[in-house]
């Protein structure tokens, strides 16, 4: 008798509630996010910007765990800052 296979995944798909439009007018809504690890938590706490402003740890963690957003294959905190601002304000068209 075969073993039952677990359907555990380390990455999860997500869709932004609003679209992100980059400097070339490309629309980004779909992404992939991995699970955070203990190593991620430790590295986030070592970031200079997190020492200056502990609330910044959320952006640093998201930059570490988001593996794909539209055609972006890596996240940077400045992109996420713009995205969060956009989600709060409603419209965004920034150069990234």
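The values are calculated or read from the model by the stated rules, or taken from the named source; none is laboratory data. All values reported here derive from a predicted model rather than from experimental measurement. Neighbour counts run over all protein chains shown; Cβ positions are idealised from the backbone, glycine included.
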Practice item. Test each condition in (1) free of Cβ contacts under 8 Å to residues at least 24 places away in the same chain; (2) surrounded by 15 or more Cβ atoms within 10 Å (Cβ to Cβ); (3) over 15 Å from the mean Cα position of the chain (by Cα) for residue 21 and report the one that comes out false. Key: (1)
Review point. What is the number of the single condition among (1) at pLDDT below 90; (2) under 22 Å from residue 10 (Cα atoms) that residue 55 does not meet?
Key: (2)
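Answer yes or no as to whether residue 75 is surrounded by 13 or more Cβ atoms within 10 Å (Cβ to Cβ), part of a loop (DSSP other than H, G, I, E, B) and either touching a residue at least 12 places away in the same chain (Cβ under 8 Å) or touching a helix residue (DSSP H, G or I) at 6+ places or on another chain (Cβ under 7 Å) (or both). Break it down into steps so the answer makes sense when it comes.
Details: surrounded by 13 or more Cβ atoms within 10 Å (Cβ to Cβ): yes; part of a loop (DSSP other than H, G, I, E, B): yes; either touching a residue at least 12 places away in the same chain (Cβ under 8 Å) or touching a helix residue (DSSP H, G or I) at 6+ places or on another chain (Cβ under 7 Å) (or both): yes.
For residue 75, the condition - surrounded by 13 or more Cβ atoms within 10 Å (Cβ to Cβ), part of a loop (DSSP other than H, G, I, E, B) and either touching a residue at least 12 places away in the same chain (Cβ under 8 Å) or touching a helix residue (DSSP H, G or I) at 6+ places or on another chain (Cβ under 7 Å) (or both) - is met.
Please state which one of 70, 90 is modelled with pLDDT of 85 or more and either at positive phi or touching a strand residue (DSSP E or B) at 6+ places or on another chain (Cβ under 8 Å) (or both).
Numbers: 90 fails: modelled with pLDDT of 85 or more.
Exactly one residue qualifies, and that residue is 70.
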Study note, to complete from the structure: Inside the range 42-61, the number of residues satisfying the requirement of being assigned to a helix (DSSP H, G or I), touching a residue at least 12 places away in the same chain (Cβ under 8 Å) and surrounded by fewer than 18 Cβ atoms within 10 Å (Cβ to Cβ) is 5
Practice item. Could you please let me know if residue 38 is closer than 16 Å to residue 84 by Cβ and exposed (fewer than 12 other Cβ atoms within 10 Å of the Cβ)? Key: no
